[in-house]
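Enquirer: I have a structure I would like to understand better, so I am pasting it below and will then ask my questions one at a time.
The values are calculated or read from the model by the stated rules, or taken from the named source; none is laboratory data. These figures come from a predicted structure and were not determined experimentally. Because the Cβ atoms are built from the backbone with ideal geometry, glycine has one as well, and the counts that use them run over all protein chains shown. Surface accessibility is based on the protein's heavy atoms, side chains included, excluding ligands, DNA and RNA. Shrake-Rupley method; radii C 1.70, N 1.55, O 1.52, S 1.80 Å.
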Amino acid sequence: MIPFRPRPKQQEVLSYTGGRMGVSAVPGSGKTYTLSALAAQLVTGGLLEDDQEVLIVTLVNSAVENFAARVAGFVQQRGLLPHLGYRVRTLHGLAHDIVRERPALVGLADDFQIVDERAADQMLQEAVETWLRTHRPAADDFLSPDLEEGRREWVLRGQWPLLATDVARSFIRRAKDLQITPADLFRWLEQRRDGLPGLFADSQSLPLAEMGAAIYADYQRALIYRGAVDFDDLIRLALQALTLDREYLERLRYRWPFILEDEAQDSSRLQEEILRLLVGPEGNWVRVGDPNQAIYETFTTASPHYLRDFLDELGVAARELPNSGRSTLSIIRLANYLIAWTQTQHPVSPVREALTEPYIEPTPSGDPQPNPPDDPSQVRLVDRRFTPAQELAAVVDSLARWLPEHPQETVAVLTPRNQRGFELVSELKKRDLPYVELLRSTMSTREAAGALGNVVNYLADPISPTKLATVYRVWRRADREDETRKVQARFKVVSQALRQCRQVEDCLWPRLDRDWLDEAARELEDDYPDLREHLFEFRALVRRWQEATLLPIDQLVLTLAQDLFREPADLAVAHKLAVVLRRASDSHPDWRLPELTQELAVVARNERRFLGLGDDDTGFDPEKYKGQVVVATVHKAKGLEWDRVYLMSVNNYNFPSAQPHDQFIAEKWFVRDRLNLEAEALAQLEALDSDAAGYEEGEATRQARLEYAAERLRLLYVGITRAKKELIITWNTGRRGDQQPATPLIALQTFWEEEG
């Protein structure tokens, strides 16, 4: 690990020893390094008891891995063992830890399950489809009266169900964030319909809230039927657990005397409440973030205002990390001008708070990571009026010229949406240009945790024939994908035979006069001549695994991994699991294999995402892909950097400014009066939740335009600050040819022509 030599502003943060501190950190300021160094400093500084930890809370799973590795490195540099004295979690991971320790406190069984996004979406779609079948006329309230009959039917069959699902998803998530149950909604809706005095004297109907409540209730019934919760339930229930049991809360406060919060600009209402409870009135809390990089706010309660307000609180030490060595001075000037223009010249005044100071400052003289040499000619804001196809061709042509001359440099094309990225990938394929896709659902799902979990589960119950058959399927999982019918048939036959084995001992440790495995091989040898050798190999392997159960759990996991895996990624996951289970064993000396098996099963199911083992959780290192085009959305690119960056499709549809001529993706063309139904549904929910909140149709749509325009300004800022040396920005006229360059792009072009 390269020694960390802090800058003066970083050293101010590292001087922290306790209390509350808020840090504004610009892009490329080294906030992850600084926060990791601070965590290691607290761990090794004699401030913790043996049973205490520094808790680090961050936004995404890839950051969990990043922080854990860096803190471990800093701790080792100080001569101590890594992985002790600190815990890194996302908010979901923290909520899972809190709930899983006391599930009964919030009405859950000890073996409660967590459904992943795919299962949750399937349940939601089923609930929506059920509601739509019985409420077909509901669309009449919202579809444009100008739709022709044929077009209307097409919308009802395809577009309306998709929109209803999006509305219901946002409604349910917000209801859970507000800790509102379906029963609450039904009661409030009935009171409103009856025009009862007091809470609801207004009998105004709220059709979107009625739809949301019905679908929400159906969705929750599906979860209850499965004995499961979703990710939003976890956060809600964690807060509930903390408020219900004061003694439990005090134990957690003692366990985590220091809380370090990364990406605090994306803190949500519930995250704010949970962390404030855990910190307590006299606790130690460090919040680090950049309000200018808050890009996850649409239809959520996340907001940069939580960090801004914290920085202004009495007793909070406000610090800045303004120095960035990532980009050239020209790119820094462009990003800083976007901040200044937004604050003073944006044509819609409510959006002027979208970007705030501090401005980015270059690194001081003598810094070990100085800014790249400046070349203003490498910043190009292309004003040419491209069609979508022309823009793709221009970017690919540029890449084709650039790549051969820069094989040791990194390059990325950043798009506002996944679909545009897919279109670019298609063009790169046609030109045979090397690329890496960092778009939605592109990284393969690892099954390593599940495979190990199934084997350890059997070893904890070695007389179960069903579990033994599962172990065989894990061992021969490649046979399921084999194109040879005979191999697939053998796989099925052996699996079925093992499930029917009444005495597992006769299979694995036979007596001289009774060898079940030998008898099974004889019965099937005509069809499968190599079956005897195949089965005996399996028996030898399982015997060895059974003998390995005498080893500590981490060594057992690594032994299994060496036999089961060949891919480096799977072996890396196994090593991480070994560390996790060793920690669990150290924390619970009374646990034996059954309890540790349950711990591994938790990780092997969807909960693996809470420990940094999900699909996208190993992080992405651009330096590993020199000479290849990385295609990503701007959202996916957050936290990353490349030598050369293309920003595509910067028009007034992808980056609107809340002006009258702008169009908004959430305002569907087939909905009357340009209503944003997701925003309107949430406004109706707010009207039910608060007796002071009235509902005026269209007001939520207008407010959503302002919020979306502010977020897209921040997204543009994030895109610009991904570039280290070269930046190219283009725009296109959209599918219908009526889009214009985004207003902030016009401002940047004018500035660059005059002063660049």
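Enquirer: Determine, yes or no, whether R169 is under 24 Å from L688 (Cβ atoms), open to solvent by 80 Å² or more (accessible area, probe 1.4 Å), basic (K, R) and within 22 Å of the chain's Cα centre (by Cα).
Expert: For R169, the condition - under 24 Å from L688 (Cβ atoms), open to solvent by 80 Å² or more (accessible area, probe 1.4 Å), basic (K, R) and within 22 Å of the chain's Cα centre (by Cα) - is not met.
Enquirer: Looking at the structure I just gave you, is G694 in a loop (DSSP other than H, G, I, E, B), open to solvent by 10 Å² or more (accessible area, probe 1.4 Å) and at positive phi?
Expert: Against the criterion (in a loop (DSSP other than H, G, I, E, B), open to solvent by 10 Å² or more (accessible area, probe 1.4 Å) and at positive phi), G694 does not qualify.
Enquirer: Here is a further query. If you scan the range 284-299, which residues turn out to be among the charged types (D, E, K, R) and either in a helix (DSSP H, G or I) or crowded, with 22+ Cβ neighbours inside 10 Å (or both)? Give the derivation first.
Expert: Here is the first cut: in the range 284-299, the residues among the charged types (D, E, K, R) are 287, 290, 297.
Residues satisfying the conditions are R287, D290.
Enquirer: Kindly provide the set of residues from the range 317-329 that are out of contact with any Leu (no Cβ under 8 Å at 6 or more places or on another chain) and outside any loop (DSSP other than H, G, I, E, B), ordered by number.
Expert: Residues satisfying the conditions are A317, R319, E320, L321, N323, L329.
Enquirer: Which numbered condition in (1) more than 30 Å from K576 (Cα to Cα); (2) in contact (Cβ under 8 Å) with a residue 40 or more places away in the chain is the only one that V436 fails?
Expert: Here V436 meets the rest and fails (1).
Enquirer: Next up: Run L706 past the list (1) of a type outside the set (G, A, S); (2) in contact with a helix residue (DSSP H, G or I) (Cβ under 6 Å, 6 or more places away or on another chain); (3) at pLDDT below 95 and report the number of the one that doesn't hold.
Expert: That leaves (3) as the condition not met.
Enquirer: So, one more: Can you confirm whether A63 is touching a strand residue (DSSP E or B) at 6+ places or on another chain (Cβ under 6 Å), modelled with pLDDT under 90 and aliphatic (A, V, I, L, M)?
Expert: no
Enquirer: Name the residue that is modelled with the lowest pLDDT, counting only residues in the range 203-245 that are of a type in the set (F, W, Y) and surrounded by 14 or more Cβ atoms within 10 Å (Cβ to Cβ).
Expert: Looking only at the range 203-245, we keep the residues that are of a type in the set (F, W, Y), and these are 216, 219, 225, 231.
If we keep only those that are surrounded by 14 or more Cβ atoms within 10 Å (Cβ to Cβ) as well, we get 216, 219, 231.
Working: Y216: 97, Y219: 97, F231: 89.
Only one residue tops the list, namely F231.
Enquirer: Another question, then. Tally the residues that are under 19 Å from L244 (Cα atoms), touching a strand residue (DSSP E or B) at 6+ places or on another chain (Cβ under 8 Å) and not hydrophobic (A, V, I, L, M, F, W, C), restricting the search to the range 86-114.
Expert: Summing the residues that are under 19 Å from L244 (Cα atoms), touching a strand residue (DSSP E or B) at 6+ places or on another chain (Cβ under 8 Å) and not hydrophobic (A, V, I, L, M, F, W, C) in the range 86-114 gives 2.
Enquirer: Follow-up question, since we're still on this one. When the range 75-134 is examined, which residues are found to be touching a Pro at 6+ places or on another chain (Cβ under 8 Å) and of a type in the set (A, V, I, L, M, F, W, C)?
Expert: V75, A109, F112, V128, L132
Enquirer: Looking at the range 407-419, I want the residues that are among the β-branched types (V, I, T) and have a partner that is surrounded by fewer than 16 Cβ atoms within 10 Å (Cβ to Cβ) with Cβ atoms under 6 Å, at least 6 apart or on another chain. Which pairs are those?
Expert: Filtered contacts from the range 407-419: T410/K626.
Enquirer: Search the range 535-549 for residues being open to solvent by less than 60 Å² (accessible area, probe 1.4 Å) and touching a Leu at 6+ places or on another chain (Cβ under 9 Å), and hand back the single one that is farthest from H83 (Cα to Cα).
Expert: L535
Enquirer: Any idea which of E210, E261 is farther than 18 Å from L94 by Cα and in contact with a Leu (Cβ under 8 Å, 6 or more places away or on another chain)?
Expert: It is E210.
Enquirer: For the range 550-573, give me each residue that is open to solvent by 50 Å² or more (accessible area, probe 1.4 Å) and at pLDDT 80 or above. Break it down into steps so the answer makes sense when it comes.
Expert: Of the range 550-573, the ones open to solvent by 50 Å² or more (accessible area, probe 1.4 Å) are 550-552, 555, 558, 562, 566-568, 572.
Once the filter is applied, which keeps residues that are open to solvent by 50 Å² or more (accessible area, probe 1.4 Å) and at pLDDT 80 or above, the range 550-573 yields L550, L551, P552, Q555, L558, Q562.
Enquirer: For the subset of the range 313-342 comprising residues that are open to solvent by 60 Å² or more (accessible area, probe 1.4 Å) and out of contact with any strand residue (DSSP E or B) (no Cβ under 8 Å at 6 or more places or on another chain), which member is nearest to R7 (Cα to Cα)?
Expert: L329
Enquirer: Under the condition of being touching a Leu at 6+ places or on another chain (Cβ under 6 Å) and at pLDDT 80 or above, which residue from the range 481-534 is surrounded by the fewest Cβ atoms within 10 Å (Cβ to Cβ)?
Expert: So the residue we want is V504.
Enquirer: Here's another thing I want to ask about it. Of everything in the range 83-121 that's of a type in the set (A, V, I, L, M) and over 21 Å from K176 (Cβ atoms), which residue is surrounded by the most Cβ atoms within 10 Å (Cβ to Cβ)? Steps first, answer last, please.
Expert: At the first step, the residues of the range 83-121 found to be of a type in the set (A, V, I, L, M) are 84, 88, 91, 94-95, 98-99, 104-106, 108-109, 114-115, 119-120.
Still in the list and also over 21 Å from K176 (Cβ atoms): 84, 88.
Details: L84: 14, V88: 29.
The selected residue is V88.
Enquirer: Return yes or no: is Y248 part of a helix (DSSP H, G or I), modelled with pLDDT of 95 or more, of a type in the set (S, T, Y) and open to solvent by less than 50 Å² (accessible area, probe 1.4 Å)?
Expert: The answer is yes for Y248.
Enquirer: Could you give me the residue pairs with C-beta distances under 6 Å whose first residue belongs to the range 88-115 and is touching a residue at least 24 places away in the same chain (Cβ under 8 Å), whose second residue is open to solvent by 40 Å² or more (accessible area, probe 1.4 Å) and part of a helix (DSSP H, G or I) wherever it lies, and which are 6+ apart or on separate chains?
Expert: Note: pairs meeting the criteria are L105/L244; V106/Q240.
Enquirer: Still on this structure: Taking the conditions exactly as written (within 30 Å of R7 (Cα to Cα), in a loop (DSSP other than H, G, I, E, B) and free of Cβ contacts under 8 Å to residues at least 60 places away in the same chain), does G46 satisfy them or not?
Expert: Yes; evaluated as a whole, the condition is true for this residue.
Enquirer: Please go through (1) of a type in the set (K, R); (2) buried (at least 23 other Cβ atoms within 10 Å of the Cβ); (3) on the phi > 0 side of the Ramachandran plot for R674 and return the number of the only condition it doesn't satisfy.
Expert: Failed condition: (2).
Enquirer: Another question about this same structure. Among S29, S24, which is assigned to a strand (DSSP E or B), closer than 29 Å to L314 by Cβ and either aliphatic (A, V, I, L, M) or touching a helix residue (DSSP H, G or I) at 6+ places or on another chain (Cβ under 9 Å) (or both)?
Expert: None of the others qualify; the one that does is S24.
Enquirer: Out of E686, E667, E678, I need the residue that is farther than 18 Å from E391 by Cβ, part of a loop (DSSP other than H, G, I, E, B) and either under 23 Å from the mean Cα position of the chain (by Cα) or of a type in the set (D, E) (or both). Which one?
Expert: E667
Enquirer: I'm trying to understand the selection: among the residues of the range 704-735, which are closer than 20 Å to V396 by Cα and aromatic (F, W, Y)?
Expert: W731
Enquirer: Let me ask you something else. Please determine whether any residue of the range 72-84 is within 26 Å of the chain's Cα centre (by Cα) and aliphatic (A, V, I, L, M).
Expert: Yes, because at least one residue in the range 72-84 is within 26 Å of the chain's Cα centre (by Cα) and aliphatic (A, V, I, L, M).
Enquirer: Still on this model: Within the range 140-150, can you find the residues that are open to solvent by less than 100 Å² (accessible area, probe 1.4 Å) and part of a helix (DSSP H, G or I)?
Expert: The initial filter retains those residues of the range 140-150 that are open to solvent by less than 100 Å² (accessible area, probe 1.4 Å), namely 140-144, 147, 150.
Listed by number, the residues that qualify are D140, D141, G150.
Enquirer: Taking the options L55, L80, name whichever one is surrounded by fewer than 18 Cβ atoms within 10 Å (Cβ to Cβ) and in contact with a helix residue (DSSP H, G or I) (Cβ under 8 Å, 6 or more places away or on another chain).
Expert: Values: L55 fails: surrounded by fewer than 18 Cβ atoms within 10 Å (Cβ to Cβ).
Result: L80 is the single residue among L55, L80 that is surrounded by fewer than 18 Cβ atoms within 10 Å (Cβ to Cβ) and in contact with a helix residue (DSSP H, G or I) (Cβ under 8 Å, 6 or more places away or on another chain).
Enquirer: Within the range 343-357, work out how many residues are open to solvent by 20 Å² or more (accessible area, probe 1.4 Å) and either out of contact with any helix residue (DSSP H, G or I) (no Cβ under 9 Å at 6 or more places or on another chain) or not in a loop (DSSP other than H, G, I, E, B) (or both).
Expert: Going through the range 343-357 one residue at a time, the tally reaches 7.
Enquirer: When you check A302 against the structure, is it open to solvent by 10 Å² or more (accessible area, probe 1.4 Å) and at pLDDT 95 or above, yes or no?
Expert: Numbers: open to solvent by 10 Å² or more (accessible area, probe 1.4 Å): yes; at pLDDT 95 or above: no.
In short, no.
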